[in-house]
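Some notes on the structure that comes next.
What follows is calculated from the coordinates using simple rules that are stated; it is not laboratory data. The structure displayed is predicted, hence computed values, not measured ones. Note that each Cβ is placed from the backbone with ideal geometry, even for glycine, and that neighbours are counted across all protein chains shown.
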Amino acid sequence: MKEDQIKMFYQGSMWAKIPDINNSADLDISIKIPPCVSKPLSQRQIEILTLIGKGLLDKEIASELTISVHTVRGHKDRISEKYGIERKRQLSALAVRLQLI
């Protein structure tokens, strides 16, 4: 997903419907950002979330940051835990909501 597409579906709301680019079906994405996150994101997690928000895949993020794909996935898992995100596609919406892109 590209940065402009993400902004289009997620500006100013807690949920949105976006096209699933993999199978052309609509996909509901909803996240609720806790009022206070007990553990703030690390600088690396912010970098990864920003790149996710720009539409980069795990492999592309790993190449950009010179880390392994496994490390990228580990960071994504920890970000998801901190924000109570259940589906990985919600990370793009979180990047927009946190104004990282």
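Provide the net charge surrounding V69, with neighbours chosen by a C-beta distance below 10 Å and charges set as Lys +1, Arg +1, Asp -1, Glu -1. If you can, show how the numbers build up before the last one.
Working: positive: K59, R73; negative: D58, E60.
For residues surrounding V69, the net value is 0.
What does the charge count around I79 come to, taking other residues whose C-beta lies under 12 Å from its C-beta (Lys +1, Arg +1, Asp -1, Glu -1)? Result for the neighbourhood of I79: +4. For I85, no residue whose modelled amide H falls within less than 5 Å of its own remains once neighbours fewer than 5 places apart on the same chain are excluded. Judged by the mean number of other Cβ atoms found within 10 Å, the most tightly packed of the peptides 65-74, 92-101 leads the ranking 92-101, 65-74. Along the stretch 73-85 the Karplus relation, 6.51 cos²θ - 1.76 cosθ + 1.60 evaluated at θ = phi - 60°, assigns HN-Hα couplings of 5, x, 5, 4, 4, 5, 4, 4, 4, 4, 9, x, 8 Hz to successive residues, with x for each Gly and Pro.
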